[in-house]
1. In terms of Cα to Cα distance under 30 Å, which lysines are near enough to Lys317, apart from those fewer than 8 places away along the same chain?
2. Ranking Val17, Val365, Val392, Val165 by Cβ neighbours within 10 Å, fewest first, what do you get?
3. Choose one of Ile356, Pro314, Ile243: the residue whose Cα lies farthest towards the positive end of the charge dipole of the chain (beta-carbon charges +1 Lys, Arg; -1 Asp, Glu; about the Cα centre).
4. Can you sort Thr232, Thr142 so the residue with the fewest Cβ neighbours within 10 Å comes first?
5. For the range 390-407 and the range 34-58, compute the distance between their C-alpha centroids and round to whole Å.
6. Can you sort Lys4, Lys305 from fewest to most other Cβ atoms within 10 Å of each residue's own Cβ?
7. Which net charge results when you count Lys and Arg as +1 and Asp and Glu as -1 among the other residues whose beta-carbon is under 12 Å from that of Leu76?
8. Starting from the exponent 0.38 and prefactor 2.2 Å, build the expected Rg for the range 16-60 from its residue count and divide its actual Cα Rg by it.
Amino acid sequence: MQIKIDLTSEIGAINAVMVHQPGQEIENMTPATAAEVLYDDIISLPLARAEHAQLTGVLNKLAQVVELTDLLSDVLENHDVRERLLREVVRLYDCPDILDELLDLSSAQLAHQLLEGTPMRKDTLEKYLSPLHHALPPLPNTFFTRDATMCLHDRVIIGSMAYRVRLVESLLLKAIFKYHPAIQSQGFYFDGTDDSPADRQAGHENPITIEGGDLLVVRDDLVLIGYSERTTASAIDRLIQAIAAHGRARDFIVLEIPKRRASIHLDMIFTMLDRDKCMVFPPLLTSSSRSRAFHIAYSGNRRSKIREYQGLLPALKHQGLDLQPLACGGDNPFHQEREQWNSGANFFALAPGHVIGYRHNIHTVESLSQAGFKVIEAEDITHDREQLQPGVPAVVVMDGTELSRGGGGCRCMTMPLNRNVIDW
């Protein structure tokens, strides 16, 4: 297995993708601890796994699918990497007493335990009185593989997570992309694990935070970034400067997103469907109160100008991308709000005009159907009863009522590593 990092669009035919099947970390939450790990509620592991299997079943028909846990286990075979990673993790959570115990585990056991959490031994009064159950907390957000890392061109961006509980995800993915022998890249555009924890611990008012749901690769030369609850302006400035320094992307469009739970990332309100179509949440993308967009252009290594637009679609049109917006939730504002909350705008493109999303967002699926997309059941693809046909737009629908309660959709759960180049 050799995988070359190569991402120049959101919609090129998928060749390789990283996922993570929900595991025991999901059940290592309680109602009392759910909020600590950014969940609104606890979810059922058997239901989540069954739904996720529909996603991977479709992906396996089209691409090389790699499991995060397997990649991590491979990397942990390197004893130097294992020790450096564990020392960083136990330092982050101030639990050096469990280091030797972790070092003694097999690579496969350790990979699972880093995700599932390490119970706290209540062997001191301080620990006995602590309300925490784990020395290293479980990582139930890990099946959203998009959040903590991003791929752009032939390089990787390691996220600087907005919440401390997700910092370990970035550290694990950094180890995978830096040390796994089968993953070939030209290094990192940006490594968010370098200074963001120190910034937060120092109490900085404007820390450097950026997460993967806020970065969309529109074209080789054009990148779209959300200025959101999870991604700060200072992080965007630093990231786009690093990208522009390598010369392939010269234009960046930043969309200002209301900082609220329903719209934590850009891909919760906007995703690409085809060369000329996109899925949008109308209140923020097409209404009279739509969010502001900013075009930032580079000439050489210098930022040449910043221009403001009243909306994302006009900004994209100015860059030669005239998109037809399809409405999450259809034409009814009530349905729009409900289905956007349930990840109705969060589609993952399998190829130009071929996307996958949740079946339960029925008004969104109807919007796609009315726009000429054939509606295909995920299990019909998996069992070879249907095939995606080039030139025939299609939306593959899968179960996701349990997964969406975790706060994300199909794009959130997929980290594309390699796509075909698009001929625009």
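No value in this document is a laboratory result; all are computed from the given coordinates. Remember, it's a predicted structure, so these values are computed and weren't measured experimentally. Note that each Cβ is placed from the backbone with ideal geometry, even for glycine, and that neighbours are counted across all protein chains shown.
1. The reachable lysines, counting only those whose Cα sits under 30 Å from Lys317, are Lys259, Lys277, Lys305, Lys374.
2. Val392, Val165, Val365, Val17
3. Value computed over the given set: Pro314.
4. Working: Thr232 19, Thr142 26.
The most exposed by this proxy come first: Thr232, Thr142.
5. So the separation of the two Cα centres works out to 14 Å.
6. If I rank by nearby Cβ atoms, fewest first, I get Lys305, Lys4.
7. -3
8. Details: Rg = 12.3 Å, N = 45, 2.2 N^0.38 = 9.3 Å.
Scaled against compact globular proteins, the figure is 1.31.
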